[in-house]
Amino acid sequence: MFNEKIVQSLSKSSMIRAMFEEGARLKKIHGEENVYDFSLGNPEVEPPKEVIDTLKKYVNSDETDLHKYMNNAGFPDVREKVATYMTKKSGVDISAENIIMVCGAAAGLNVVLKSLLNPGEEVIVLAPYFVEYLSYIDNASGKPVIVNTRKDTFEIDTAAVESAITKNTKAIILNSPNNPTGVIYSRENLEELREVLEKKENELGTNIFVISDEPYTSLVYDGEEVPEMLSIFEKSIVINSFSKSHALPGERIGYICASSRIPQVDTLMSVMTTLNRTLGFVNAPSLFQKVVADNLEVAVDIESYKKKRDLLYNHLTKIGFSIVKPQGTFYLFMKTPIEDDKEFCKVAAKYNILLVPGSGFGCPGYVRIAYCTDIGMIERSLQAFTKLAGEFDLLV
């Protein structure tokens, strides 16, 4: 009666949302202050003051045509501002014609994948990965090819990527800083990947695009650098959103930036602009296009997230858990003391700790901890984590 493929996929629905719903159930039983919900990457902080002030300015302005249809790629002046910003960041000459404003990174990824993929073409996805990448590739009739990263560092295993490339490989998705690990792929690692991709393109006579999903590039700690994908990869397409950098996940606003070095980039932009409409997005929210374009250099307070990261990381490693220290994002990816990460999450729930199994990110044996939450909750959770560690004899 309904779409059978989607109905069958319901049983495999997002583990993140499932744990979030479990948290709501436990809060009713034990009280909100006694449940430690680390399941959802939903920023607890409010948008920067500059963003709020800009929103007020536009809402109260007499500017005409602010709420009307525009070109499906977005307002020309907004795209010009984003292009100038990306040129300055990357050192690659980007024009407004290389920019499409979209309804968040999810919309951007769907538009890009649908534009690039013919049925059956392959996209390399690095595990651990954001859980919805596989669905987006499927939406575009593509085939995901999962390649594991290095478990000691979660950096890209370039030899494994090379082995996975076939004549059907159309793209690779990069996400740095990475959700769920918080790892930033180093410039050296990315340059090694570039050499591999160029080698395989020459061998196979194909084009392999780099799709860079970048919602966390403003959430970086300890002076770390996030290498610019546009400067490293000739055939790169950057997708960014303001959900994390500006704490605006509910506003669904972001952009696609296609490198000017892509062969036939004008045709690609025309295809993506058409799909932005035909996939149902039409255009990105007009008001927030204006707001974010005036605040491209603004970001949320990184120090508050760093304080939370350090509090949790220092405590968890002290009591015996193993974690690769995140360089960015607001996640910890913790190794579980037993192989079954789902079972570990069940045990954690006995202490009202809600975590997301790593198997949902293509990396069993780990759990994701989203620390974009109230620091008071994090402080209250530490004793519960200590009890959890004791259950697995981690305490020394």
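Extension gain for the segment residue 199 to residue 53, taken as residue separation times 0.36 nm less the Cα-Cα distance, is 47.6 nm to one decimal.
Summing charges over neighbours of residue 88, with a neighbour being any other residue whose Cβ is under 14 Å away from its Cβ, gives -2 when K and R count +1 and D and E count -1. A helix-only calculation puts the chain at -12500 deg cm²/dmol for mean residue ellipticity at 222 nm, using -39500 (n - 2.57) for each DSSP H run of at least four residues, averaged over all residues. Can you tell me what share of the DSSP beta bridges in the chain is antiparallel? A percent to the nearest 5 is fine. That works out to approximately 50 percent antiparallel. Per-residue packing, averaged as other Cβ atoms within 10 Å, sorts the ranges 266-278, 242-254 into the order 242-254, 266-278, beginning with the highest. Projecting the Cα atoms of 230, 193, 169 onto the charge dipole of the range 50-293, computed from C-beta unit charges around the Cα centre, puts 169 farthest toward the positive end. The mean sequence distance of close C-alpha pairs (under 8 Å, at least 6 residues apart), as a share of the length of the range 217-352, puts its relative contact order at 23 percent.
What separates the Cα centres of the range 181-253 and the range 44-85 is a distance of 25 Å. Mean silhouette area of the range 50-293, derived from the convex hull of its C-alpha atoms and averaged over all directions, reads 12.9 nm².
In degrees between 0 and 90, to the nearest 10, how far off the longest principal axis of the chain does helix 375-391 point, with axes built from Cα atoms? Computed tilt is about 60 degrees. Of the residues 327, 383, 289, the one that moves most in a GNM of the chain with alpha-carbon contacts below 10 Å is 383.
A simple count of charges around residue 60, restricted to other residues whose Cβ falls under 14 Å of its Cβ and scoring Lys, Arg +1 and Asp, Glu -1, yields 0.
Pairs spanning more than 32 Å between alpha-carbon atoms, out of 200/335; 81/200; 244/350; 5/68; 5/290; 307/346: 200/335; 81/200; 5/68; 5/290.
Packing around the peptides 158-166, 102-110, taken as the average count of other Cβ atoms within 10 Å per residue, puts them in this order, highest first: 102-110, 158-166. Let me check against my output: what whole-number percent is the relative contact order of the chain, with C-alpha pairs under 8 Å and at least 6 apart? The normalised contact order for the chain reaches 24 percent. Between residue 339 and residue 95, the simple label model (points 7 Å from Cα in the Cβ direction) yields a spacing of 5.7 nm.
Computed from point charges on the beta carbon alone (+1 for Lys and Arg, -1 for Asp and Glu), the dipole magnitude for the chain about its Cα centre is near 800 Debye. Think of the chain as a dipole: +1 on every Lys or Arg Cβ, -1 on every Asp or Glu Cβ, centred on the Cα centre; then among 183, 383, 202, 383 lies furthest on the positive end. For the chain, the longest principal axis of the alpha carbon atoms and the long axis of helix 302-318 meet at an angle near 40°.
FYI, it's all coordinate maths here, none of it is from the lab. Bear in mind that the values here come from a model prediction, so they are computed numbers and not experimental data. Every residue, glycine as well, gets a Cβ built from its backbone with ideal geometry; the counts of neighbours run over all protein chains shown.
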